[in-house]
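Below is one structure, written out as structure tokens, with a few remarks after it.
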Amino acid sequence: MQRDAHLTNAALMARRRAALPSGLGQSFDIVCERAENAEVWDVEGKRYIDFAGGIAVLNTGHRHPKIVAAVKAQLDKVHHTCFQVLAYEPYIELAERLIAKTPGDFAKKAFFLSTGAEAVENAVKIARAATKRQAVIAFGGGFHGRTLLGMGLTGKVAPYKAGFGPFPAEIYHARFPNELHGVSAADSLKSLENIFKYDVEPERVAAIIIEPVQGEGGFYAAPAEFCRALRALCDQHGIVLIADEVQTGAGRTGTWLACEQWGVAPDMVTMAKSMAGGFPISAVIGRATLMDAPGPGGLGGTYAGSPLACAAALAVLDVFEEEKLLDRSKAIGERLVTGLKAIAKKHVSIQDVRGAGAMVAIELFKDGDRSKPDADLTKRLCLEAAKRGLILLTCGSYANVVRVLVPLTASDALIDEGLGVMAACFDALA
Ligand SMILES: Cc1ncc(COP(=O)(O)O)c(C=O)c1O
């Protein structure tokens, strides 16, 4: 096929660099032309296996036919009214179905926004309105978005917070339990105690927000018993417990929500990313008594819960049921962990292979020395993988984690092909 000479990756990247600010990161100098399930093709016709899934957005794959059909059908009916002006049924049905899937033996309500950061902001707004308290506790290494409150809650300075302060007041950071980096669950609970001792009395804390598995922070899972202790602490002091499931939600960890694995329920859950398979929508689902605290007009947004995104999210729920994607999440996770452990046997740089369902990562250290996180190798590995046709992402407080977020609709053959590319990259870089 004859291709337009101006539509090369290099030419488009040159235009991108001239027109777009450098603060907008770019993992690869690749410009995507089309995508299907777990594969993408660039403007030069090169094919890639997609182990990134648009950063945890494509659990149902690129352009799932049922989701595309649902959005097209909605487009033919109504595509915008602003829900607060004129309501539409898909929004209401989506709220009902998400409520039914959220843990907690209490009445719940839900509403929608457009981005993960907005969902987090609104959960905090609601917790403050309901408790009439101001302070919020988040965790070191956590990521909660790029808005000012999102940045304030985020527990990583570079690149997310550097130069952007001051941040909203009354935010405190506890230590996230992370055995690999020497923080036990007991250390983490102690750090909360210290916040109550040194920084703010628990009676002024509105909420504690936690990712069940830290996403950008490095795919570290908070142990279930720690989350139960957190629940008890929140109950003791009347603090709202918020599970930020923007990255973990919609089946990535083998259950619809990761907090289902805690054995106790958070008061509020935030979702976004894969809940609508790539259409921009986010959700706050929570205890009805809290959710009704803000006065009329206090919540909402012009595009929030757009009809197209609601239709997509409803189709995602159907696809999960029809294709048993929660089972698939567990099976893919096991396949990836087995495959990556086999690679780790040959390469001492891989010091940890971990997975919560299909939220899988490897962590790299220089010469296998756990005091020397290897960000350089991690970056080179991802670039080498892209050259060989596999899209991989890094993450982690030390930038030494390679994460896999392959669509749950990917075939075993494609996953094995991706694992093969990873093995070849390690061999090439060793
Ligand atoms: C746990 C978590 N919370 C919030 C966000 C922010 O979501 P968004 O980029 O849609 O604002 C992210 C994004 O990566 C996330 O992983």
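Expressed as a fraction of 2.2 N^0.38 Å, the value expected for a compact globular protein of N residues, the C-alpha radius of gyration of the chain is 0.97.
Using a cut-off of 21 Å between Cα atoms, the listed pairs K190/K330; K132/K190; K346/K366; K77/K109; K346/K372 include K190/K330; K132/K190; K77/K109 as exceeding that distance. Once you order the gyration tensor axes a ≥ b ≥ c over the Cα atoms, which shape class does the stretch 185-316 get: rounded for a/c under 1.5, otherwise prolate or oblate by comparing a/b with b/c? Here the stretch 185-316 falls in the oblate category.
Here's the picture: charge each Lys and Arg Cβ at +1 and each Asp and Glu Cβ at -1 in the stretch 42-145, and of N122, H79, Q134 the one pushed furthest to the positive end of that dipole is Q134.
Rounded, prolate or oblate, given the Cα gyration tensor of the stretch 1-67, with a/c below 1.5 counting as rounded?
Details: a/c = 2.55, a/b = 1.36, b/c = 1.88.
Oblate, since a/c reaches 1.5 and b/c is not below a/b.
Taking the helices alone, the chain has a mean residue ellipticity at 222 nm of -12000 deg cm²/dmol, built from -39,500 (n - 2.57) per DSSP H run of at least 4 residues and averaged over all its residues. Placing dummy labels 7 Å off each Cα toward the beta-carbon, the span from K387 to D4 is 3.0 nm.
Protection proxy ranking, highest mean first, for peptides 241-249, 337-345, 157-165, 299-307: 241-249, 299-307, 337-345, 157-165, where packing is the per-residue count of other beta-carbon atoms within 10 Å, averaged.
What the chain shows is 42 Å² of accessible area per residue, with the surface traced by a 1.4 Å probe over protein heavy atoms. Computed from the Cα positions only, the extents of the stretch 285-346 along the three principal axes stand at 59, 25, 22 Å, in decreasing order. Counting only aspartates and glutamates at least 8 places from K197 when in the same chain, those with an alpha carbon closer than 20 Å to its own are E170, D187, D235.
The accessible-area ordering, largest first, of the residues D267, D318, D4, D105 stands as D105, D4, D318, D267, per a 1.4 angstrom probe. Note on F320: accessible area approximately 20 square angstrom, rounded to 10, probe 1.4 Å, nucleic acids and ligands left out. Split the accessible area of the chain by element, probe 1.4 Å, and carbon with sulfur accounts for 55%.
Only the Cβ atoms of Lys and Arg (+1) and of Asp and Glu (-1) were treated as charged; on that basis the dipole of the stretch 1-117 about its Cα centre amounts to roughly 120 debye.
The values are calculated or read from the model by the stated rules, or taken from the named source; none is laboratory data. Given the structure is predicted, the values throughout are model-derived calculations rather than measurements. Counting neighbours? That spans all protein chains shown, and the Cβs are built from the backbone with ideal geometry, glycine included. Areas reflect the complete protein model, heavy atoms only, side chains present, ligands, DNA and RNA absent. Shrake-Rupley method; radii C 1.70, N 1.55, O 1.52, S 1.80 Å.
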